[in-house]
Amino acid sequence: MDNYENQDNMQQQANVQRYRQRRVDEFKLNINSGDGAKENISSKKSETPSSSKKAFSDEITSFSDENTRAQIERDSKKELRRQKKEEKKILKIKSGRNKKVYRFAWLILLVISSIVVGQFLITGCNDFLAMNRKETDTVLVKVTKEDGIGDIADKLEDAGVIDSSTFFTLFTVLTNQSDDIEPGIYTLSKNKDYLGILNYLQYTGNRLTTITLQITEGTNIIDLADQLYDAGVTYDKEEFLRLCNSDEFDADYPFLSEIEPHEDRVYKLEGYMFPDTYEFYVEEAPDVTIRRFLSNFKSKIYESEYEVEGYDQPVKLIELVNDSDFTLDEVVTLASLVQGEAADVEDMYNVSSVINNRLFYGAQSDIHSLGLDCTAFYPYKNAESVPEDIKDTFHSKYETYDTRGLPPGAICSGSAHAFLAAVAPNDTDYLYFCHGVNDDGTVTAYYAVTFNEHMANIEKAGLE
């Protein structure tokens, strides 16, 4: 009986051992070395022993000993370190490549910047030392109270005194000299260096108190106002222009009161600003400047004497005017037209002959206007001078192609020769004239009595 009982007990223990082993096989804790530890519970109903086998280093069971688990953890950490090291290596390679690109880009930028800065410094140094400015002629530069150092530098560059207003401004500011320049009119040489220019502008004794200015023949009042203002003679250009169309000087100059009013006349004093060389005070009052011109006009017309063909003795221009069929104001207008059309002094007398002939008997040849180009854009000198905002619609009231007779007034200041030609023209039958420019730049004048002759002259002059 005891033997049977012992056998039953052993059989039961064996069954329990197999049951436990089966439970162990069914319950496993798998650790993946790449993703970390994961718990995996398997509830399979049947599994062969061979299918449940794994490498000892890849799994931990509930019966694994401490050494096995520690070894697996060490292997896992080692694998993680290896992966991190590999990642760092890849990042290092990429970083190295990026650094090379950045270094190359910075190198290119540095080279370009060096070239630009170097060129700027070379240009500035040459300008600072006046290396490229060899001219010894002088120019007038006007500095006003409102001018900052940038404005002054721009004026110096425009006048040809310096080459770079930017570098001059920078130098003046860095040397703390921008506030030491005195307002005034200065005569500056073009070959001075920066220090010479600044020293000159900082000394009040170099400021001009008077200005000598040449007004050339053919200058109209608008251009005259600009010239006087730019030179520092007048401080108020608009007031100057207003006075040129006023009656404020009639009492002191009676010949002005004899001018017949005309609604289309732009400037009453046009033609009376006699061209000559004048000495003005700096920023003198506009009315003082105008009186200088009118006084000189009076002297040239009423006092000066001229040699004239057909007269035994020198005569005054006013005497020639009185002997003519024109008023003084009409002669002033005629002289301005002659000045505007003639190529030279000799040509003036034939051009005046054409104008006079057209006025007196042009209608007999079916010519009813003067047809002069010089009147087409007055009060502006030419088409380029007409302001852009009115250029497309501008029409001068002085044009002489559609209008008969003389224009409403003079178009510019005529010289003494133009006045003489106006009242003592050559005695011809010419009714037409034109001018051709030769290859050497000289001008040839052509005159004609008939229209057919005139057309042939136009072809000769190369005007077709």
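Laboratory data are not the source of any read-out in this text; all were calculated from the coordinates shown. Bear in mind the structure is a predicted one, so any value in this text is a computation, not a measurement. Counting neighbours? That spans all protein chains shown, and the Cβs are built from the backbone with ideal geometry, glycine included.
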How many angstrom separate the Cα center of the stretch 382-435 from the Cα center of the stretch 135-208? 41 Å
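In terms of the Cα gyration tensor, with a ≥ b ≥ c the square roots of its eigenvalues, is the stretch 238-333 rounded because a/c is under 1.5, prolate because a/b exceeds b/c, or oblate? Could you put the intermediate results ahead of the total?
Details: a/c = 2.66, a/b = 1.45, b/c = 1.83.
Here the stretch 238-333 falls in the oblate category.
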In 10 Å bins starting at zero, report the fraction of Cα pairs in the stretch 337-459 per bin as a rounded %. 13, 40, 36, 10, 0
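To make sure I understand, if each residue's beta carbon is the centre and we count other beta carbons within 10 Å, what order do Leu195, Leu156, Leu294 fall in, fewest to most?
Exposure proxy ranking, most exposed first: Leu195, Leu294, Leu156.
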Length added when fully stretched, Asp323-Lys237, from 0.36 nm per residue minus Cα-Cα: 27.2 nm
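For each of Ser353, Ser246, count neighbouring Cβ atoms within 10 Å of the residue's Cβ, then give the residues from fewest to most. Mind showing how you got there, number by number?
Working: Ser353 21, Ser246 15.
Sorted ascending by nearby Cβ count, the order is Ser246, Ser353.
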Taking every C-alpha to C-alpha distance in the stretch 207-286 and binning by 10 Å from 0, the per-bin percentages run 17, 47, 30, 5, 0
Tell me, what HN-Hα J-couplings in whole Hz come from the Karplus equation 6.51 cos²θ - 1.76 cosθ + 1.60 at θ = phi - 60° for each residue of the stretch 373-385, using x for Gly and Pro? 5, 5, 9, 5, 10, 4, x, 9, 6, 7, 5, 5, 7
Round to the nearest 0.05 the FRET efficiency obtained for Val288 and Asp402 when R0 = 41 Å and r is the Cβ-Cβ distance. 0.55
Calculated FRET efficiency, Val386 and Ser114, Cβ-Cβ r, R0 41 Å, to nearest 0.05? 0.25
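Calculated FRET efficiency, Glu305 and Glu279, Cβ-Cβ r, R0 35 Å, to nearest 0.05? Before the final figure, lay out the partial values.
Working: r = 24 Å, r/R0 = 0.69.
Efficiency computed from Cβ-Cβ geometry: 0.90.
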For the pair Phe451/Leu463, report the inter-label distance in nm, with labels modelled 7 Å from Cα in the Cβ direction. 1.5 nm
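For the stretch 138-208, what relative contact order do you get, as a whole percent, if you take Cα pairs closer than 8 Å and at least 6 residues apart?
Values: 86 pairs, mean separation 27.3, N = 71.
Relative contact order for the stretch 138-208 comes out at 38 percent.
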Rounded to whole Å and sorted largest first, list the principal axis extents of the Cα atoms in the stretch 214-430. 51, 49, 30
Label-point separation in nm, Ser189 to Lys88, each point 7 Å along Cα→Cβ: 7.4 nm
Karplus-derived 3J(HN,Hα), 6.51/-1.76/1.60, for each residue of the stretch 307-323, Hz, glycine and proline x: 7, 10, 4, x, 10, 6, 10, x, 10, 8, 4, 5, 5, 5, 5, 5, 7
Could you please rank His417, His435, placing first whichever residue has the fewest other Cβ atoms within 10 Å of its Cβ? His435, His417
Would you please give the residues with an amide H less than 5 Å from that of Ile211, counting only those at least 5 places away or on a separate chain, with H modeled from the backbone geometry? Phe280, Tyr281, Val282
Each residue of the stretch 170-183 in order: what ³J(HN,Hα) in whole Hz does its phi give by Karplus 6.51 cos²θ - 1.76 cosθ + 1.60, θ = phi - 60°, with x for Gly and Pro? 4, 5, 5, 5, 5, 8, 6, 10, 5, 9, 9, 7, 8, x
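From the C-alpha coordinates alone, can you work out the Kirkwood hydrodynamic radius of the stretch 138-208, in Å?
On the way: mean 1/r = 0.0849 Å⁻¹.
For the stretch 138-208, inverting the mean 1/r across all distinct Cα pairs yields 11.8 Å.
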